[in-house]
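The values are calculated or read from the model by the stated rules, or taken from the named source; none is laboratory data. The model shown is predicted, which means the values in this text are computed figures rather than measured ones. Quick reminder, even Gly has a Cβ in these numbers, built from the backbone with ideal geometry, and neighbours come from all protein chains shown.
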Amino acid sequence: MTIGWNEAVPPELPPLRQRERLRLALRGIVAVLTLLCLFGIFLLVRGAEMLVAKVRGRRSRRASNRIVQVWARTALPNLGLRYVQRGTPLSGAGGFVANHSSWIDIVVLQRAAVPFLVSKSEVRDWPGIGFIGRAIGTLFIDRKATAAKRQEAELLERIRAGDRMALFPEGTSTDGQRVLPFKSSLFAVFFSRELETVTVQPVAITYHPAAGLPASFYSWWGEMDFAAHLIDILARSKGGVVEIDFLDPVAAEETTGRKEMAFICGQRVRSAFDSALPSGQSRVSVGSKVSATPFMQ
């Protein structure tokens, strides 16, 4: 089991009531049918894109990305979440750097901008999830030194081709009540000599559970079980809101290096995150201890 930030105790929830069990069953059926249908269409469209790329020598994921975005648009309401967006996502090559409190963050980012994800290599072999991750273009990172150059070259090729990547610079997920310091090492790729001007956009993601649910209800961190958390979301989530703020981009050439870029992005995300809080609520920024959760570096 993946161990992440664990400085907060997960909330204890009561047993599911009958109506929540019914909601779980209905939403589970909708989730499976939607995924199977759209993923089948995605594979056909992606195959066509690859054939066109071989003939024309120019690759594109525009059509298949649109299908991923449609899936995310249907997934969030099925998770009991209303989507609210402020600001405009970066349109050119570069990256999004966001705070991280849940696996739902990935769905939210795909709903907004369809960036490609960077994940630990272990996720590649996860049943179902690994196959889908490979299909949608996730870049799996092997921590072995022998693979570093190959992986860096692949990452740079994606950015040069105009793709946008998503990073979670905190290095771990939290209980959604704070923004941890951004790790500057994750910004190094944006300062590669092989790249021209690269722009990075800070992104703040905030969850607002409905009355009666814990403030950290949508968050997934530490040693929490993924299946159990998914069941809770499908069964109990109703009337929740997720807000995503696309903040002022930062160009690599405007900073002195990765440390300054990490600091600027972290400050902007923290400010937007705090501004999205209910009046009178306070969240703090603390240090991070341990390793990352699945879809992270």
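A Cβ distance below 7 Å, combined with a sequence gap of six or more or placement on separate chains, defines the contacts here; from the range 134-148, residues that are of a type in the set (Lys, Arg) reach residues that are at pLDDT 70 or above and surrounded by 14 or more Cβ atoms within 10 Å (Cβ to Cβ) in the pairs Arg134/Arg124. Looking only at the range 222-229, decide whether some residue is assigned to a helix (DSSP H, G or I), at pLDDT 95 or above and under 30 Å from Pro11 (Cα atoms). Yes - at least one qualifying residue is present in the range 222-229.
Report yes if Glu49 is more than 30 Å from Gly176 (Cα to Cα) and either out of contact with any helix residue (DSSP H, G or I) (no Cβ under 7 Å at 6 or more places or on another chain) or surrounded by 12 or more Cβ atoms within 10 Å (Cβ to Cβ) (or both), otherwise no. Yes: the conditions hold for Glu49.
Here Ala228 passes the criteria (1) crowded, with 19+ Cβ neighbours inside 10 Å; (2) over 21 Å from Arg82 (Cα atoms) except the one numbered (1).
Tell me the residue from Arg27, Arg21, Arg56, Arg62 that is closer than 18 Å to Gly133 by Cα and among the basic types (Lys, Arg), please. Answer to the check: Arg62.
When Ser121 is tested against (1) crowded, with 19+ Cβ neighbours inside 10 Å; (2) without any contact (Cβ under 8 Å) to a residue 40 or more places away in the chain, just one condition goes unmet, and that condition is (1). Only one entry of Ala63, Ala72, Ala31 meets the criterion of being small (Gly, Ala, Ser), under 30 Å from Arg160 (Cα atoms) and in contact (Cβ under 8 Å) with a residue 24 or more places away in the chain, and that entry is Ala72. Of everything in the range 151-194 that's within 20 Å of Ala272 (Cβ to Cβ) and charged (D, E, K, R), which residue is modelled with the lowest pLDDT? Selected residue: Arg164.
Please indicate, with yes or no, whether at least one residue in the range 73-86 is out of contact with any strand residue (DSSP E or B) (no Cβ under 9 Å at 6 or more places or on another chain), within 26 Å of Arg268 (Cβ to Cβ), in a helix (DSSP H, G or I) and of a type in the set (S, T, N, Q). Taking every residue of the range 73-86 in turn, none turns out to be out of contact with any strand residue (DSSP E or B) (no Cβ under 9 Å at 6 or more places or on another chain), within 26 Å of Arg268 (Cβ to Cβ), in a helix (DSSP H, G or I) and of a type in the set (S, T, N, Q). Scanning the range 245-261 for residues that are in contact with a strand residue (DSSP E or B) (Cβ under 8 Å, 6 or more places away or on another chain) and part of a helix (DSSP H, G or I), which turns out modelled with the lowest pLDDT? Checking each candidate, the answer is Ala252. For Gln151, state whether it is out of contact with any Phe, Trp or Tyr (no Cβ under 7 Å at 6 or more places or on another chain) and touching a residue at least 24 places away in the same chain (Cβ under 8 Å). No.
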